[in-house]
Amino acid sequence: MASETGAAPGPGHTVPDFGTGDGTRAVRAGLPDPVKYEPTLPGPVFAAHFHLPGEPTGPYTYGRDTNPTWTYLERAIGELEAPGRAVETVTFASGMAAISAVLFSQLRTGDAVVLPDDGYQALALLREQLTAYGIEVRTAPTGGDAQLGVLAGARLLWIESPSNPGLDVCDIRRLVRAAHDEGALVAVDNTLATPLGQRPLELGADFSVASDTKGTTGHGDILLGHVTCEDAELAAGVRRWRKMAGAIPGPMEAWLAHRSLATLQLRLDRQCASALVLARALGGRAEVSGLRYPGLPDDPSHAVASTQMRRYGCVVSFVLPDKEHAERFLDGLRLVDDATSFGGVRSTAERRGRWGGDAVPEGFVRLSVGAEDPDDLVADVLRALAEAAP
């Protein structure tokens, strides 16, 4: 499905059967039908302009508008976001570009938007800008479906579930029904779950948004984001914003992202399984408090997450007694890099309080589980905890 401003589907494209498994779908997503002597995944197209005689009616005209490499990637992401359904995906230079495109393409002066107050820390910057544009910004926590309490009369509800970094979960179906009853659109930041962990469009959302810098591409080497929706008019507004802002992905980044999708199911299954093992091991440590992982049966988010998530993600969060204790722990890790971001094949961890934007204790640690052997990873974490003790 393509709007009048979007990339054409291209010849011979076959959408995988709805019953195809996640692994098969990830490996095959967005690929063209085979042509003799042609590559299975065409290489990146580096072009600022295209041959354009006569009327500009074709799919590719100018490099800020469309690019064949984006077309393949956008198809692939759409197939993962909503298998068997006609959707449109718009890719961006970063996750924040994708988030901004939804907010600024849909909101006008006098509108009200509901944001989570415990979401990604850059939402605070967007809140300031939205307010400066005369848009009313309301906030509430993710947990307990608290955003319902400030929804009346809103134009747009922004959900982040699981939330980053606290890993709270809300009932997306419930919030979507209430928002739509109010005449509001719903966008879900699905960065932490990825399309294989949760499908917001199937839960009723109007927009599924993600920073593909994280788990979707999974190697920590590119910045990318996307927006997927079923409504062609909504997609056209998002795409128009991308054109105006120039927040386009580079063709090399788009090609690398498409290549990386092939291993998404392999990566995610390993990461989620290891994250659960690690969370269980952390649960037995006296110095660890506030442990959160939606996959733990006793986690406050588990019951709701189990009704809407297909995988629980790779991020585990917990609190150590103080800043110094957390810093000693991070310094002692050998298999876990002290770095921001999450979702990569190499495990990372950081003390989130060092940024100053999250309402978390000074000893709060967000740990993103990678693809290392789980026994090695758990041993490294437990050793570092033991050595960090005062």
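The values are calculated or read from the model by the stated rules, or taken from the named source; none is laboratory data. Being a predicted model, the structure only gives us computed values, none of them experimental. Note: ideal-geometry Cβ built from the backbone for every residue, glycine included; neighbour counts use all protein chains shown. Heavy atoms of the whole protein, side chains included, go into the accessibility calculation; ligands, DNA and RNA do not. Shrake-Rupley method; radii C 1.70, N 1.55, O 1.52, S 1.80 Å.
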For the chain, take the longest principal axis of its alpha carbons; what is the angle in degrees between that and the long axis of helix 251-261, to the nearest 10 within 0 to 90? 60
Give the distance, in whole Å, between the Cα centre of region 106-126 and the Cα centre of region 363-390. 34
Can you give the angle from 0 to 90° between the axis of helix 264-282 and the longest principal axis of the chain, with both taken from C-alpha atoms, to the nearest 10? 20
Of L41, W241, T20, which is farthest towards the positive pole of the chain's charge dipole, taken about the Cα centre with +1 and -1 on the beta-carbons of Lys, Arg and Asp, Glu respectively? L41
Average Cα contact separation per residue, region 155-263, under 8 Å, 6 or more apart, as relative contact order %: 19
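In Å², what does the accessible area per residue of region 263-374 work out to with a 1.4 Å probe? Can you show the working numbers first?
Values: 4610 Å² over 112 residues.
I get 41 Å² per residue for region 263-374.
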Any idea what the relative contact order of region 72-164 is, in percent, if you count C-alpha pairs under 8 Å spaced at least 6 apart? 28
Which of Y60, Y72, Y312 ends up with the largest GNM mean-square fluctuation for the chain, with Cα atoms connected below 10 Å? Y60
What does the accessible area of R352 come to, in Å² to the nearest 10, when a probe of 1.4 Å is used? 10
To test your reading of the geometry: what angle, between 0 and 90 degrees and rounded to tens, separates the Cα axis of helix 68-81 from the longest principal axis of the chain? 50
Of all the accessible heavy-atom surface of region 156-246, with the other protein chains kept in place and a 1.4 Å probe, what percent is carbon and sulfur? 44
Under a 1.4 Å probe, counting only protein heavy atoms, W241 has an accessible area in Å², nearest 10, of 80
Going by Cα centres, region 163-215 and region 294-333 are how many Å apart? 20
Using a 1.4 angstrom probe and counting only protein chains, how large is the accessible area of S163 in Å², to 10? 0
What ranking of M309, M96, M244, M252 comes out by heavy-atom accessible area, probe 1.4 Å, highest first? M244, M252, M96, M309
Solvent-accessible ranking of E372, E79, E233, largest area first, probe 1.4 Å: E233, E372, E79
Heavy-atom accessible area with a 1.4 angstrom probe orders H51, H226, most exposed first, as H51, H226
In percent, how large is the relative contact order of the chain, given Cα pairs closer than 8 Å and 6 or more residues apart? 16
Assign unit charges at the C-beta atoms only (+1 for Lys and Arg, -1 for Asp and Glu), then state the dipole size of region 241-326 relative to its Cα centre in Debye, rounded to the nearest 20. 460
Could you work out which residue, out of P32, P297, P44, moves most in a Gaussian network model of the chain, that is, has the largest mean-square fluctuation with Cα springs under 10 Å? P297
The chain - mean residue ellipticity at 222 nm from DSSP helices (-39,500 (n - 2.57) per run, n ≥ 4, rounded to 500): -10000 deg cm²/dmol
